[in-house]
Amino acid sequence: MYRSWVSWISWLKGFFSRVFMLKKMGQTLMRHTMNRFMLMGVLVALVSACGFHLRGDVQLAPPLSRIYIQGGDPYDPLVRDWTRALATAGSAVVADAKEATAILQIIANRGDRRVLSVRATGKAQEYELYQTLEFRVRDPAGRELLAAQRLELTRDYLFDPTDVLGKASEEETLRRDMRRDLVRLAMLRLESLGR
């Protein structure tokens, strides 16, 4: 009987020592977590104080609050991406030029691929993709707000005739990335109207 009480008491001592140890570890963990949150708060304050803002955060000038897109195929992927970016930046893309405060005229939007290098057999080994966007912005009265801007991007990739489907997928991914980059660059040009 004495032995069972001793073992019971030693078990309780071990249990409570573990509980207190866990409590102490929890306090230490909480202190470390609080320190991390405080450090993150200080970093956010420092970064925001230097004028940093996220790449997708574009502030357009008030004359660009209602934009009519002229000259672009509304079903073209680049025009759709640009329309989405304008809406995200707070501009409304209108269907009628009479309702617009600015007219975005797409002068040129073309892209293709050209052979960059060939194999000894005379077949293409490397291709270069290119996409060109040219645009300007004017107000409804016809005054030019932003002179004609020309943006051109190129990307190259190796072509493997044994992996045609994979290379077609790579080409489409590169085209999508080029469109996204062109839209971002064009939005930065539009943002310059407000400065």
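The values are calculated or read from the model by the stated rules, or taken from the named source; none is laboratory data. These numbers come from a predicted model, not from an experiment. Positions of Cβ are generated from backbone atoms using ideal geometry, with glycine treated the same way; all protein chains shown enter the neighbour counts.
Please specify each residue of segment 118-145 satisfying the condition of being surrounded by 11 or more Cβ atoms within 10 Å (Cβ to Cβ) and either aliphatic (A, V, I, L, M) or not in a strand (DSSP E or B) (or both). Matches in segment 118-145: Val118, Arg119, Ala124, Leu129, Leu133, Val137, Asp139, Pro140, Leu145.
Of all residues in segment 82-117, those that are acidic (Asp, Glu) and assigned to a loop (DSSP other than H, G, I, E, B) total 1. What do you reckon, is Ser65 in contact with a strand residue (DSSP E or B) (Cβ under 6 Å, 6 or more places away or on another chain) and on the phi < 0 side of the Ramachandran plot? Judged against the criteria, Ser65 is not a match.
Rundown of residues vs (1) in contact with a Pro (Cβ under 9 Å, 6 or more places away or on another chain); (2) of a type in the set (Asp, Glu); (3) not assigned by TED's automatic domain parsing to the domain that holds Leu174, yes/no style:
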site	(1), (2), (3)
Trp82	no, no, no
Thr88	no, no, no
Ala97	yes, no, no
Val118	no, no, no
Glu134	no, yes, no
Val137	yes, no, no
Pro140	no, no, no
Leu145	yes, no, no
Arg150	no, no, no
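Looking at Ala100 and the list (1) of a type in the set (A, V, I, L, M); (2) free of Cβ contacts under 8 Å to residues at least 40 places away in the same chain; (3) within 21 Å of Arg80 (Cα to Cα), which single condition is not satisfied? Unmet for Ala100, out of (1) of a type in the set (A, V, I, L, M); (2) free of Cβ contacts under 8 Å to residues at least 40 places away in the same chain; (3) within 21 Å of Arg80 (Cα to Cα): (2). Scanning segment 161-177 for residues that are among the hydroxyl-bearing types (Ser, Thr, Tyr) and either touching a Cys at 6+ places or on another chain (Cβ under 8 Å) or at pLDDT 90 or above (or both) turns up just one, Thr173.
Whether a residue is exposed (fewer than 10 other Cβ atoms within 10 Å of the Cβ), of a type in the set (Phe, Trp, Tyr), modelled with pLDDT under 70 and out of contact with any His (no Cβ under 6 Å at 6 or more places or on another chain) was assessed, and Tyr75 does not pass this test. The set of residues in segment 152-192 that are closer than 24 Å to Val137 by Cα, in a helix (DSSP H, G or I) and either in contact with a strand residue (DSSP E or B) (Cβ under 8 Å, 6 or more places away or on another chain) or not aliphatic (A, V, I, L, M) (or both) comprises Met178, Arg179, Arg180, Asp181, Leu182, Arg184, Leu185, Ala186, Arg189, Leu190, Glu191, Ser192.
Every test in (1) of a type outside the set (Val, Ile, Thr); (2) surrounded by fewer than 17 Cβ atoms within 10 Å (Cβ to Cβ); (3) part of a helix (DSSP H, G or I) is passed by Gln149 save one, and that test is (3).
If you go through segment 64-81 and pick out every residue that is out of contact with any helix residue (DSSP H, G or I) (no Cβ under 7 Å at 6 or more places or on another chain) and in a helix (DSSP H, G or I), you end up with 2.
Here's the yes/no breakdown for (1) at pLDDT 70 or above; (2) surrounded by 11 or more Cβ atoms within 10 Å (Cβ to Cβ); (3) of a type in the set (Asp, Glu):
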position: Trp11; (1), (2), (3): no, no, no
position: Gly14; (1), (2), (3): yes, no, no
position: Asn35; (1), (2), (3): no, no, no
position: Gly41; (1), (2), (3): no, no, no
position: Leu60; (1), (2), (3): yes, yes, no
position: Ser65; (1), (2), (3): yes, yes, no
position: Ala87; (1), (2), (3): yes, yes, no
position: Ile103; (1), (2), (3): yes, yes, no
position: Ile106; (1), (2), (3): yes, yes, no
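For Ala168, the criteria (1) free of Cβ contacts under 8 Å to residues at least 12 places away in the same chain; (2) under 17 Å from the mean Cα position of the chain (by Cα) hold in every case but one, which is (2).
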